[in-house]
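Worksheet: the structure to be examined is printed underneath.
Values in this text are rule-based calculations from the coordinates and carry no lab data. Note that the structure is a prediction, hence the values are computed from the model and not measured. Here Cβ is always computed from backbone atoms with ideal geometry, including for glycine, and neighbour counts include all displayed protein chains.
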Amino acid sequence: MSTDSDRLFQGESTFPQYEEWFYRAREGIAGPYLKREDAALALGRFIRYCQQNRLTGGREMPAANPNASQAWRWLAAGLEQSVPAATWLLGVLFGRITGG
């Protein structure tokens, strides 16, 4: 995975005064984040976590890898910590958080 700009994108915000940024990984789409920099930082953390735990997103994963679901749990925990509660709630209410 790379943190190239093609993995970061801005969604259409329900509230024009707020930006909504997302990142795309093989495991799905994560966001919204309030700033592009926040999305890039979260993506970088996710990449490092996957590399440290040899989670390859299916590229080299053995069929019975017990760590496969760890990436999803880590992603969910990161979203809880990285996204302010109000923005997260708005994202859920307006369908801005997707699973892939």
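Residues of region 1-21 being in contact with a Ser or Thr (Cβ under 8 Å, 6 or more places away or on another chain) and buried (at least 18 other Cβ atoms within 10 Å of the Cβ), which ones?
E20
What residue, among those in region 39-55 that are surrounded by fewer than 15 Cβ atoms within 10 Å (Cβ to Cβ) and free of Cβ contacts under 8 Å to residues at least 24 places away in the same chain, is nearest to the chain's Cα centre (by Cα)?
R48
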